[in-house]
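Report on the structure given below.
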Amino acid sequence: MSTAAYFIGLGAASAAALLGAVLPARRRLLAAAVLSAAACLAALVGAGDVLVSGHAFSVHTAQVLPLTGVDLSLDPLGALFVAATAVVGLAVSCYSVGYGVHATPSRIATATLPAFLATLLLVPAAASVATFMVAWELMALTSLLALLTDHRRRRETRDAAQWYAAMTHIGAAAILLGLVLLAAHAGGQSFAAIAAHRRQLSLPLTSVVFVLTLFGFASKAGAVPLHVWLPRAHPEAPSPVSALMSGAMVNLGVYGILRVGEDLLGGGEMWWWLVVAALGVVSAVFGALHAAASTDTKRLLAYSTVDNVGLVLIGVGAAGALAAGGQQALAGLVLLAALFHLVNHALFKGCLFLGAGALQHAAGTRDLDRLGGLARKMPATAIFFGAGALSISALPGLNGFASEWLLFEGLLQGFASRSAVTVAALLAGVATLAITGGLTATAFVKALGVGFLGQPRSEGAGAAREVGPSMLIGMGFLAGGCVVLGIVPGVVLPVIDRATTAGLVAGASRAIRPGLGLALASVHSEIDPGLLVGGLLVALVVAWGAVRLAPRSAELRSPRRAAAWGCGRDLQTARMEITATSFAEPLQRVFADVLRPDHDLEVTHTAESRYFPEAITFHQRVDDAVERVVYRPVMAAVAWWGHLARRVPNGSVHRYLAFGFATLVLVLVVLA
Amino acid sequence: MQLRHVDAGSCNGCEIEIAQAFAPVCDAGRFGARLVASPRHADGLLVTGVVTKNMAVPLQMTFEATPRPRVVVACGDCAVNGGLFAGAYGVAGSVHDVVPVDVEIPGCPPEPSEITEALRRLTGR
């Protein structure tokens, strides 16, 4: 059943892409959306069946790819990623109907979204090097096309697409190199054959393979310093695409690290995983800091993705290190926490990106400094965005809390480890979790407070209207998922546990006791968010009842409405409100060494006297320090090399003939 | 008793005396009187000076922003009846022309001990 459902899903997504390309403008949007929603449902059923039963399926066809054929196999680890993609995809398909309703997207734009979805569903099922690389490249290409949807209207889109294309292909080249190396030495290119022969591989070889693939997968996952495409591509892509990129595609980077490191190479050395954890620590802190300093809604969310991927990588790295150190039970717990956080991140980041798209749709801008007052105009969007923001800030009763609690517990339990290096790494992980928790809360207080409360700061925000039902259903679906997983996390944890045991080769035992809450199996530690929320609700009801029923004076019984206190000023304008920039300013000042903000203050004086300024302009930019320090010099060097190389072919036929002759001589010399 | 001080157009004489009333010699604070930063936190207003035209609306808004029940203390001759500036250019009137006054403290300026005494009548200590 799982096989059939999964392939129906793939087929439906491909059919959606085809219909999106051929149907007339009026029908194609709806047809593509309905078919891709059906595809997601079918894939969810297929993946769910694999997860619940624990039985993988595998299929081989020789017809599709020449020479190698196609190997597809869905084990619980892959099924978890398919399921997460399918849930986000379902919401995105629904949302895309309303999103495209005003300006019907072009044929290519309508077709690329389901095609992107299909490749996202395909990658975790690939079971051989050739199949994997083909699926991976298809995913890169379809996501690049999807990113380019708005390239006619905005120049920045092309710039973002160039960055994305370069980063993703450098990464793919590294993965290809690593996997080909692996396949050549393991005597077969199917993943099963590689896993069976891994004991015969030498350690230097596996280390090289791991580092190469880690580079590639980290660039897809958006780990610092390979994250530079994320804050460019996510804001420029249409919101359904950025939701899929952030909610599903970056996950596959983590999937690749787990698949190669744990499944194919069998865990390997401890230092591999310490490198992964170190990447996670740097990404989490850097991403959270930039998220707190950003004023563009989607850029903020993109950096927050870097932050959350960092948290997941900390978990994956810690799990790998613990497993390599022989603590399998604990490694299982930490990996469970990391994968649970990954699923939760897919839910709340998908919801937030869709919400950001609704804001842009309604107010015409992504700039927080020009939004404001939207809670009254778009109440449902505000509630859904708020649910996502509270989840990502890890407030109890929402899913972010559940997974971060598990991650904290897992990392803290590891302090009993005998290896000093592991303890140091875990300590760094715990400290990172703590600091990013605070920074993330700051970032989302800013997004929610400045974006939705107060008075509108621009005409667009003032004229905003609530978005249509399909967009609300899309957002509400994911927000509902955040709430459900937050209150009863126990319903999905056993399923994720199965994926964890598949991910860790050495077979961790159950990390979680069955039940609706969170109860660790190995040590006595548990928390039940459902009880917590229930108790809170009861307390609220009691307090409300007490206030209603208490005897009160006549004055209190008839409440008086008064204007907001504005220090006695006659006129209150939106210019007096705190902006996203000013909210982030103190933090930016404290972390000026990392964020390196650029200030530019220009004062022009009146002609008569320098004491009277005529105009003052202030510009501020917070550029990515990594981009400035690492990428710009490399790009400048490449450009310089290109200019130098351009002098060689100067158009002279004599010179070209000389080149040909010299090459011939060289070849003869080498061969002789 | 928490009071929000509003300078409605004072010459700052009363302000100096109010500061002295809360300084160690008289120390109105030990009788339960306090100056606070927002009318939202206040039980009443402590208004000094004649009410100028520019300050009439802000005074009214501050009064509206104070939760009920609230008291208004007019401190100094100008606040009580216009004093030296009664009928002058740019003057809207004394405090009771703008908001209802509950306690008056005469004097130009009233001494710290007089201010403290009036506040003690409000706090009841």
Q | Cα-centre dipole for the stretch B:2-123 with unit charges at Cβ (Lys and Arg positive, Asp and Glu negative), debye to 20 | A | 440
Q | Those residues of the stretch B:31-75 for which accessible area with every protein chain present is at least 40 Å² below the isolated value (1.4 Å probe) | A | B:Arg40, B:Met61, B:Arg68
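Exposed loop sites here are trypsin sites (Lys or Arg not before Pro) in DSSP loop states with at most 14 other C-beta atoms within 10 Å. What is the longest stretch of chain A lacking them? Numbers along the way, then the final one.
Values: sites that count: A:Arg152, A:Arg153, A:Arg154, A:Arg418, A:Arg465, A:Arg552, A:Arg560, A:Arg561, A:Arg569, A:Arg610, A:Arg647.
Formally, the longest exposed-site-free interval is A:155-417.
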(Q) Given axes a ≥ b ≥ c from the Cα gyration tensor, I'd like to know whether the stretch A:515-641 is rounded (a/c under 1.5), prolate (a/b larger than b/c) or oblate. (A) oblate
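I'd like the interface area for chains A and B: accessible area of each alone minus the complex, both sides summed, 1.4 Å probe, protein heavy atoms only. What is it in Å² to the nearest 100?
Details: alone 29550 and 6470 Å², together 35150 Å².
Counting protein atoms only, the buried area is about 900 Å².
Using the Cα gyration tensor of the stretch B:2-123, with a ≥ b ≥ c the square roots of its eigenvalues, what is the shape: rounded (a/c below 1.5), prolate (a/b larger than b/c) or oblate (neither)? Write down the numbers at each step before the final one.
Working: a/c = 1.96, a/b = 1.24, b/c = 1.58.
Note, shape of the stretch B:2-123 comes out oblate.
With the contact rule set at Cα under 8 Å and sequence spacing of 6 or more, what percent relative contact order holds for chain A? Spell out each step's value before the answer.
Details: 1192 pairs, mean separation 82.4, N = 672.
Relative contact order comes out at 12 percent.
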Q. Averaged across the residues of A:560-572, what count of C-beta atoms belonging to other chains lies within 10 Å of each residue's C-beta?
A. 4
Q) Taking Cα pairs under 8 Å and at least six residues apart, what relative contact order does chain B come out at, in percent? A) 31
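What is the percent carbon and sulfur in the accessible area of the stretch A:628-671, measuring with a 1.4 Å probe over the protein chains and ignoring ligands? Mind showing how you got there, number by number?
Numbers: 3040 of 3920 Å².
It is 78 percent, rounded to a whole number.
Ignoring everything except DSSP H segments at least 4 long, calculate the 222 nm mean residue ellipticity for chain A; use -39,500 (n - 2.57) per segment, divide by total residues, nearest 500. Don't jump to the answer; show the numbers that get you there.
Values: 27 runs with 450 residues, N = 672.
My calculation for chain A gives -22500 deg cm²/dmol from helical runs alone.
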**Q.** Greater than 31 Å apart at Cα, pairs in A:Lys446/B:Lys53; A:Lys220/A:Lys377; A:Lys220/A:Lys446
**A.** A:Lys446/B:Lys53; A:Lys220/A:Lys377
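Which whole-number percent is the relative contact order of the stretch A:183-294 (Cα, under 8 Å, 6+ apart)? Walk me through the numbers on the way to the answer.
Values: 78 pairs, mean separation 34.0, N = 112.
Relative CO of the stretch A:183-294 lands at 30 percent.
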Q: Take every DSSP beta bridge with both residues inside the protein assembly as shown and express the antiparallel ones as a percent of the total, to the nearest 5.
A: 55
(Q) Tell me whether the stretch A:5-62 comes out rounded, prolate or oblate; compute the Cα gyration tensor, take square roots of the eigenvalues as a ≥ b ≥ c, and use a/c under 1.5 as the rounded threshold. (A) oblate
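The values are calculated or read from the model by the stated rules, or taken from the named source; none is laboratory data. All values reported here derive from a predicted model rather than from experimental measurement. Backbone-built Cβ (ideal geometry, glycine too); neighbour counts: all protein chains shown. The accessibility values were calculated without ligands, DNA or RNA, using every heavy atom of the protein model including side chains. Shrake-Rupley method; radii C 1.70, N 1.55, O 1.52, S 1.80 Å.
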